[in-house]
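A quick write-up on the structure given underneath.
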Protein chains: 2
Amino acid sequence: MDTMGRHVISELWGCNEEKLNDMKWLEKTFVDAALKAGAEIREVAFHKFAPQGVSGVVIISESHLTIHSFPEHGYASIDVYTCGERIDPNVAADYIADELEATVRENIEVPRGMGPVQVNQKKVVKAL
Amino acid sequence: MDTMGRHVISELWGCNEEKLNDMKWLEKTFVDAALKAGAEIREVAFHKFAPQGVSGVVIISESHLTIHSFPEHGYASIDVYTCGERIDPNVAADYIADELEATVRENIEVPRGMGPVQVNQKKVVKAL
């Protein structure tokens, strides 16, 4: 299997705070995001913290999706990492940002498995 | 909880190929790495692929550690992400690189949860 991968680091602010604290909703949203990108799901593990916040991961055949949510700050820290050229991680990252109703989104894309790392894209979107 | 986090992206080459394909060994090594850094473990999920390769995650109270291994290339793609100032993700990342016997290591550190992302460190080490 080729080592080439694309890793999208997505910083989401101004998200819906209730959704950020709803573990079951987040789990379903991340599974849906992986499927919409065309990924094959292997493992799903989510954890709810007290008094608030959720961490979760979906391991896919093509690598992983993760979230750490901070409802009290409207912030979610997202990673979508896909190996190979078949899948675009931005499809999943954009779906997650839309579903979380993020008003400020910053995405950077890091190539993985291709030698020296270069951060090659940067996108900041502020919703009106 | 503060959103501030440190995310170490670690690209390891020239690793021990047998270790890269040993799911149980990798799982124990990642749990040990998290504990050595002083993290609190919440969830552990690893998956072995056929014919080779392992993906795994350890969710910690302070965020996560992940691996995707490509034994046939001697390559492992590692992420260690820790929230807060108490834990240094490099402690875990360096332990993992040592245990995998990586001969070429590239680490970059990405600050998370602090507004616009800036990649602020880069370290390439080639073992002699």
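The values are calculated or read from the model by the stated rules, or taken from the named source; none is laboratory data. What you are looking at is a predicted structure, and each value in this text was computed from that prediction instead of being measured. Backbone-built Cβ (ideal geometry, glycine too); neighbour counts: all protein chains shown. The protein model used for the area step is the full one, side chains on, heavy atoms only, and it has no ligands, DNA or RNA in it. Shrake-Rupley method; radii C 1.70, N 1.55, O 1.52, S 1.80 Å.
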Compute the label-point distances linking B:G84 to its equivalents in the other copies; points lie 7 Å from Cα along Cα→Cβ; give nm, one decimal, shortest first.
3.8
Have a look at the range B:39-62 and report residues whose accessible surface goes down by 50 Å² or more when the remaining protein chains are included, against the chain on its own, probe 1.4 Å, ligands and DNA/RNA excluded.
B:R42, B:E43, B:H47, B:F49, B:I59
For the pair B:E40/B:E18, report the inter-label distance in nm, with labels modelled 7 Å from Cα in the Cβ direction.
3.8
Using the heavy atoms of the protein chains alone and a 1.4 angstrom probe, what is the accessible area of the range B:5-126 per residue in square angstrom?
39
Among B:N21, B:S55, B:Y81, whose Cα sits farthest toward the positive end of the charge dipole of the protein assembly as shown (+1 at Cβ of Lys/Arg, -1 at Cβ of Asp/Glu, about the Cα centre)?
B:Y81
In chain B, lysine pairs 8 or more places apart or on different chains with C-alpha atoms under 17 Å apart total 5
Where labels lie 7 Å past Cα in the beta-carbon direction, separation of B:E85 and B:E72 in nm
4.7
Distant alpha-carbon pairs in chain B (separation over 19 angstrom), percent:
45
Under the Karplus curve 6.51 cos²θ - 1.76 cosθ + 1.60, θ = phi - 60°, whole-Hz ³J(HN,Hα) for the range A:4-17, x wherever Gly or Pro sits:
4, x, 10, 10, 9, 9, 10, 9, 10, 10, x, 6, 5, 5
So for the pair A:D2, A:D98, with labels modelled 7 Å out along Cα→Cβ, what separation do we get in nm?
2.7
